[in-house]
Amino acid sequence: MRKYLFLSVAATTVLLLTACTPEPVTRPESAPVILASPAPVELVHTARYTLANLTPDEALRYPLRQVVSHAIPEPQKSRKAPTRGDALHVWLTGTGYGLCLPVTGEARQLFSSPLPDIQRSPGPLRVDDALKVIAGPAWAMTVDEITRTVCFTSVSAVHSLS
């Protein structure tokens, strides 16, 4: 009797296991998945535990995009108050860029106007953003990459030319 009981339990188990197995699903063939790999980075050992990236960063390629912080001192009694032209020269220092020459009467008006107190130490900014803030919304900034000069023209003059 035990023999028949064992066989019936075994047969039931086999039937249950085979009935519950799913049929293999056939999927339509699709294009193979290719994972994107990041661009290779060139590194060089500069010291025992130091690696340096050989790819130049944005500030090296575009000096006016570097982040800098300048503080223009407050005027003393013996010195004249700083002008917006002085501030523009300070922010362009070390970038390799200069202001357009010859200075037009329109640009002379910008350069000789007094620098607002709030703009004496604006904090860390990109150089080109600082130049635009100092000049103000009435002035359009253009950069000549060949001669590395920064020019300012009044927005009203730009609109009258168009």
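The values are calculated or read from the model by the stated rules, or taken from the named source; none is laboratory data. Predicted, not measured: the structure shown is a model, and the values here were computed from it. When we count neighbours, we look across all protein chains shown, and the Cβ atoms used for this are built from the backbone with ideal geometry, even at glycine. To get the accessible areas, we keep the full protein, side chains included, count just its heavy atoms, and leave off ligands, DNA and RNA. Shrake-Rupley method; radii C 1.70, N 1.55, O 1.52, S 1.80 Å.
Go through region 52-89 and report how many residues are among the β-branched types (Val, Ile, Thr) and open to solvent by less than 50 Å² (accessible area, probe 1.4 Å). Don't jump to the end; show me each part of the working.
First, the residues of region 52-89 that are among the β-branched types (Val, Ile, Thr): 55, 67-68, 72, 83.
This time we only want the ones that are open to solvent by less than 50 Å² (accessible area, probe 1.4 Å), so: 68, 72, 83.
Total meeting the criteria: 3.
Of the residues making up region 95-131, those that are out of contact with any strand residue (DSSP E or B) (no Cβ under 8 Å at 6 or more places or on another chain) and not in a helix (DSSP H, G or I) are Thr95, Gly96, Pro102, Val103, Thr104, Pro116, Arg120, Ser121, Pro122, Gly123. On inspection, Val67 passes the criterion of being of a type in the set (A, V, I, L, M), within 30 Å of Val41 (Cα to Cα) and either under 18 Å from the mean Cα position of the chain (by Cα) or at pLDDT 85 or above (or both). Please verify whether region 83-99 includes one or more residues that are free of Cβ contacts under 8 Å to residues at least 40 places away in the same chain and either farther than 24 Å from Glu145 by Cα or aromatic (Phe, Trp, Tyr) (or both). Yes: one or more hits. Of the residues Leu60, Leu54, the single one that is closer than 30 Å to Tyr97 by Cβ, modelled with pLDDT of 80 or more and touching a strand residue (DSSP E or B) at 6+ places or on another chain (Cβ under 8 Å) is Leu54. The residue pairs whose first member lies in region 61-82 and is closer than 16 Å to Thr95 by Cβ, whose second member is open to solvent by 80 Å² or more (accessible area, probe 1.4 Å) and part of a loop (DSSP other than H, G, I, E, B), and whose beta carbons are closer than 6 Å, counting only pairs six or more residues apart or on different chains, are Val67/Pro124; Ser69/Pro124.
Going through Ala130, Ala107 one at a time, which residue ends up being open to solvent by less than 40 Å² (accessible area, probe 1.4 Å), small (Gly, Ala, Ser) and at pLDDT 90 or above?
Working: Ala107 fails: at pLDDT 90 or above.
One residue alone meets the criteria, Ala130.
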